[in-house]
Amino acid sequence: MDGPDTGMAVSDARQNRLVNWLEDSVYRLLRQQSIRWHLMLGAGEFVLFAISLYLATCLRYVADPAQMHEYMHHLVERSAVFAAVMMFGMAALGLYQPQMRETRFGILARQAVAFAVSGFALVVLYYVLPQAYVGRGILVIAMLLSLLFVSLYRAAFQHMVNTEVLKRRIIVLGAGRRAVEIHDRLRRRADRRGFHVVGFIPRPGEPVCLPPDRLLDPSQSLWEWIKQSQADEIVVGVDERRGGLPMQELLECRQYGVAVTDLTTFFERESGRVQLSIIDPSWLVFSGGFNATPLRRLSKRCFDLGVSGLVLLLAWPAMLLVALAIRIESGAGQPILYRQERVGLRGRTFRLIKFRSMRTDAEMDGVARWAKKDDDRVTRVGRITRKLRLDELPQLWNVFKGDMSFIGPRPERPQFVSDLAGKIRFYELRHCLKPGLSGWAQLRYPYGASEQDAVEKLKYDLFYVKNHNLLFDLLILIQTVEVVLFGRGAR
């Protein structure tokens, strides 16, 4: 019979596993998403939002010191709530994405929409939680001050991050076909925001595929180049690793605190996708990820049910209006819902439910076709529901049933899966998880309607399948608001 010490040991072991899981989830998210700079950006903006509410209060009650003194009692809590909601709106519009590519005007436009979303959220919050109410005058002044402060801060922050002194300095070991991927695929300045490539060191017997001005003298040791260039990281990108790596030199650099990273892992970290052209099965096996522990499955299922229930609670009036619009346009006797076979977890098929957005004779011949831009099979109501993603709301039933998750790779039709699996390496790996209503690929890549699009989306799907965790799901959920508001990827 187990004594009390044994029971305490088991309890401690469970707590330790939970703590380790949380720490691992946070660490992997920070490392894989490369958002260390964005955490600094977010922390600074949180402070600025809080300061804006404080200054707005001072300006509003500058002529009434007694009222100001009374109002100051709970200003810290109100400022924290205001800052948190404002940052939620910014995150929902993708303003904390590490790989965001936008002009200054585009960022300002996103900020304006984010402030509008946050303002609406604050009004709802004040109705539900009156204790957090700050008054219309203070709210308007605080949002105007926030817009000014955040715009100036982002401009200064962007200038600071682009300063070469603050970037990680890397040396690429190799100058052949694999190493040239860094030069070719990360050539834009925005793609190299967090690092600076010092140069490439060619290896004996390896073809040189880079211009001479990018090469470093291979006669010098790695450690000499590290000291000379003050590099922080070595990226291993040789074409042939067996017998082609200076292991003693790499070990020496590693002992002195220099990071040594595989080229495939480097691409995954910096671009938020898996580079299919350079990966092999051994990297997928040994690189970590693919978290399928019981705790992860439980957390994902709880997340699915909680988010789906909340969305259904908020969206049921819109669903009734869509059903009514379809009935009015198509007439009595025509179906409102559309059921279609899709491929789910482990390749098993299920019946996906959507609001019908195409004519009933769209595929009378039984041949599956990609949706095209301005597809003439789409009805008038369907064009609106597809643009706003309202046609996908009935899939909440698939989530409740367990056929789908809220976040995951989009489910494809069996005909497309059969065709693509025979042409694209590792395509079946996307079925390691349940398909989702939203996903990393939907955020990072527009609507896919060809084999090449399927290849590009697979890079993001594999990144998600390999690195998914609860925090990553929450990040995708927040940024899905941007997709809905801007109608990105809809056809």
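Structure summary
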read-out	value
Nearby lysines by direct alpha-carbon distance to residue 423 (threshold 26 angstrom, same-chain neighbours under 8 apart not counted)	372, 373, 434, 457, 459, 466
Neighbour-count ranking [beta-carbon atoms within 10 angstrom, fewest first] of 225, 440	225, 440
Length released on extending from residue 153 to residue 297, taking residue separation times 0.36 nm less the Cα-Cα span	47.8 nm
Ratio of Rg to Rh over segment 259-388 (Cα coordinates, Kirkwood Rh, two decimals)	1.10
Order by protection proxy (mean Cβ within 10 Å, highest first), peptides 208-216, 169-177, 475-483	169-177, 475-483, 208-216
Sites residue 419 and residue 276 - FRET efficiency at Förster radius 30 Å, r taken between beta-carbons, to 0.05	0.95
Label-point separation in nm, residue 259 to residue 388, each point 7 Å along Cα→Cβ	4.4 nm
Order of 181, 252 under a 10 Å beta carbon neighbour criterion, fewest first	252, 181
³J(HN,Hα) computed for each position of segment 221-237 - Karplus, 6.51 cos²θ - 1.76 cosθ + 1.60, integer Hz, glycine/proline x	6, 4, 5, 5, 5, 4, 5, 5, 9, 6, 6, 9, 8, 10, 9, 8, x
All-pairs Cα distance distribution in segment 111-182, expressed in whole percent, bin size 10 Å	15, 27, 19, 16, 13, 9, 1
Amide H contacts under 5 Å for residue 468, placed H, 5+ residues apart	290, 291
Per-residue Cβ neighbour rank within 10 angstrom, fewest leading, 453, 217	217, 453
Shape call, segment 34-161: gyration tensor on alpha carbons, a/c limit 1.5	prolate
FRET efficiency for residue 74 and residue 219, using Cβ-Cβ distance with R0 set to 60 Å, rounded to 0.05	0.30
Whole-angstrom Cα spans of segment 165-271 along principal axes, big to small	34, 30, 25
Modelled FRET efficiency - R0 25 Å, residue 320 with residue 341, Cβ distances, 0.05 increments	0.40
Full-stretch length increase - residue 330, residue 471 - with 0.36 nm per residue and alpha-carbon distance subtracted	46.5 nm
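The numbers here are math on the coordinates, done by the rules we state, and not lab data. The model shown is predicted, which means the values in this text are computed figures rather than measured ones. Reconstructed Cβ throughout: ideal geometry from the backbone, glycine too, with neighbour counts over all protein chains shown.
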